[in-house]
Each structure stands twice: as structure tokens, then as C-alpha cells.
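The values are calculated or read from the model by the stated rules, or taken from the named source; none is laboratory data. Only a predicted model underlies this, so the values are computations on that prediction, with no experimental measurement involved. Neighbour counts are summed over all protein chains in view; Cβ atoms, including those assigned to glycine, are modelled from backbone coordinates with ideal geometry. Side chains included, ligands, DNA and RNA excluded: accessible areas come from the protein's heavy atoms. Shrake-Rupley method; radii C 1.70, N 1.55, O 1.52, S 1.80 Å.
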Amino acid sequence: MDVRAVPPDGRPDRPRLDAGLLGGLLGFDVRVVDALDSTNAEVARLARDGAPAGTVVVAEHQSAGRGRLDRSWTAPARSALTFSVLWRPTALPGAWPWLPLLAGYAVHRVLSTGGFASELKWPNDVLIGERKVAGLLVERVDSPGGPAAVVGIGLNVSMSEGELPVPSATSLVLSAGAAPDRTELLVDLLESLRLHYDRWETGLWAGGPGLRSAYADACGTLGRAVRAELPDGSAVVGRATGIDSAGRLVVATAAGARSIGAGDVVHIRAAE
Ligand code: BT5
């Protein structure tokens with residue numbers, strides 16, 4: 001484990017996570033670490049060493065938090081929840097693109113049940129008031145036990161305006177004036193992840209109408225004019241009209257409908 005010797009210098013009003021409470025969570029093996037490079041990197045290492053499904057690493061601070069496409073994820077110590085969950089899906093590879101969507105949906109459910117006006121931005125963001133409160137990064141890792149999925153989540157909890165890494169970010173405190181205790185929030189998030197993952201894994205949700213319509217109902221991207229920027233520098237511009245059975249975003253363009261996979265998109269922006 002790449003644990004840094006320097007403990008996080010979190011503010012006194014930002015208490016540590018209660019590792020004892022998290023340790024008792026049924027079906028998960030939760031490890032709370034003061035500081036490391038990236039919880040996704042750490043869980044990937046554990047996966048390669050044969051760690052079982054349900055292994056969770058939570059960091060009070062990450063020194064090299066990762067976003068998609070080599071982008072970075074930053075948050076002051078103890079101002080956020082930054083954690084990764086290891087799953088060992090048996091679902092067919094074609095169903096894997098649903099993993100970031102179902103994880104985002106699981107986060108959205110917890111936030112909206114808690115009174116936060118969250119919505120999903122396809123493929124991997126959770127927004128409140130058009131600003132990003134949480135990001136998800138799902139990575140596939142080849143391990144001796146077969147392919148594993150590392151589901152990483154960063155959720156901004158008590159970050160102040162001045163601490164935001166980018167102006168398009170927000171935190172629960174900024175959006176609602178207060179935030180739940182981080183340990184309780186993490187318990188709720190893990191239980192929600194477990195529930196929605198199990199539905200997907202048992203086929204109840206495997207690209208079928210259940211997850212698809214639940215996701216679509218919570219997805220603020222749909223109905224909007226969007227510009228999807230692709231890795232080759234080109235862009236697909238049109239109105240986002242739906243999510244297809246493979247979890248791709250369907251965009252109605254002047255040249256007809258186009259389905260865009262999460263792996264193919266660099267940015268989704270609002271189009272004029
Ligand atoms: C994501 O990437 O949104 C995925 C973020 C996943 C982070 C978690 S934390 C636990 C686990 N361990 C890791 O190492 N990663 C995961 P992407 O869509 O590429 O967004 C990255 C962009 O979001 C950056 O380029 C910034 O513009 C912005 N950003 C960085 N930190 C942010 C924050 N705390 N809140 C909101 N936006 C942020």
C-alpha cells in the first residue's frame with residue numbers, strides 16, 4: 001500500500017471517519033487510510049493480489065486522485081468522501097458500461113433521499129444546481145481471479161467556495177448549507193451501491209428497462225442540446241434524447257441519431 005507518512009492536515013471541524021463503524025458493515029471489508037495516492041490505484045493493486053469483492057478503501061486524503069482520461073481529482077483532507085469499491089462482476093462484458101451509470105444512480109439516490117437536489121450528468125457526474133458534486137471513475141483490472149471492476153467515487157462534502165478545485169464544482173455544504181456526517185453518509189452510499197449492484201448482477205437490471213428508465217429519469221443531460229467532444233477532436237452536436245440498452249447516450253443530430261459510448265467521449269458540454 002502506497003501510504004504517505006504525512007497525515008492529512010484536515011481542519012479540526014472536519015472529524016475523521018469512524019473506522020470502527022465502517023468496519024462492521026455487512027458484505028464489505030472497509031479500510032480507512034489517512035493518505036495515499038489514489039484509492040482506485042490502491043484497490044486495483046489489491047485486486048491484482050486477489051482481494052475479494054466488497055473490498056473498499058477510503059482515503060481521508062489523496063495525493064494523486066484520478067479522473068477520467070488522466071485528469072485529476074483533488075479535495076482538501078477530510079472535506080470529501082473519496083473511496084473505491086472492488087467488484088468482481090460475472091455479467092457479460094457488454095453489460096459493464098452500465099457500472100458507472102448504476103454507481104452514479106446509487107449516489108444520486110442517497111443524495112436525493114437526503115434532500116439534496118442532485119441529478120446525473122451522463123456518463124459519470126453527479127450535479128447539484130448544474131455544478132459537479134461527485135465524480136465516478138470505473139476501471140477494469142485484470143487479476144488472477146478474472147476481470148475486476150474498481151468503482152471510485154469522489155463526493156465533495158464540506159468544501160468551501162475557496163477550496164473548490166474548479167468553479168464548476170460544488171459541495172453538499174455549499175449547495176444546502178449543511179452536510180450529513182461523513183461516516184453515516186458513507187454507510188448509506190455503500191448500502192445503496194450494494195443494492196443497485198446486486199440488482200444489476202442478478203440480471204434484474206442488466207441493461208434492461210429497470211435501470212435504464214430509472215437512470216434516464218434522474219439524468220439531467222436528456223432533453224438538452226449537447227456537444228460531445230470525441231478523442232479525435234471531432235464533436236457530435238445535437239439533442240440528447242435517451243440512453244440505449246448498452247448505456248450509451250443517444251444524440252439526435254442533423255444527420256440522424258448517434259449513440260455515444262462513455263469510453264468515446266472526452267467532454268459533454270451544453271451546446272448553444
Ligand atoms: C471524474 O473524472 O469525475 C472521476 C473522479 C473520480 C474520483 C474518485 S476519488 C476516489 C477514487 N480514486 C481516484 O483516484 N479517483 C476516484 P472526470 O470526469 O475526468 O473529471 C475530472 C475533472 O473534474 C477535473 O479535470 C476537474 O476539472 C474536475 N474536478 C477535479 N476535482 C474535483 C472535485 N473535487 N469536484 C468537482 N470537480 C473536480
With respect to Leu155, is the statement that it is touching a Gly at 6+ places or on another chain (Cβ under 7 Å), within 16 Å of the ligand (Cβ to nearest atom), hydrophobic (A, V, I, L, M, F, W, C) and touching a residue at least 60 places away in the same chain (Cβ under 8 Å) true?
-> no
Say whether the condition of being surrounded by 18 or more Cβ atoms within 10 Å (Cβ to Cβ) and more than 30 Å from Gly114 (Cα to Cα) is met by at least one residue in region 200-210.
-> no
Could you grab me the full set of residues in region 34-74 that are assigned to a loop (DSSP other than H, G, I, E, B) and over 16 Å from Val166 (Cβ atoms)?
-> Asp37, Ser38, Asp49, Gly50, Ala51, Pro52, Ala53, Gly54, Ser63, Ala64
Could you look through region 108-143, keep only residues that are in a helix (DSSP H, G or I) and surrounded by fewer than 17 Cβ atoms within 10 Å (Cβ to Cβ), and pick out the one that is farthest from the ligand (Cβ to nearest atom)?
-> Thr113
For region 74-91, enumerate the residues that are more than 27 Å from Gly50 (Cβ to Cβ), touching a Ser or Thr at 6+ places or on another chain (Cβ under 8 Å) and near the ligand (Cβ under 8 Å from one of its atoms).
-> Ala75, Ala80
Please state which one of Ala252, Ala246 is modelled with pLDDT of 95 or more and surrounded by fewer than 17 Cβ atoms within 10 Å (Cβ to Cβ).
-> Ala252
Enumeration of residues in region 163-197 that are open to solvent by 50 Å² or more (accessible area, probe 1.4 Å), within 12 Å of the ligand (Cβ to nearest atom) and within 22 Å of Val138 (Cβ to Cβ) | Pro165, Val166, Ser168
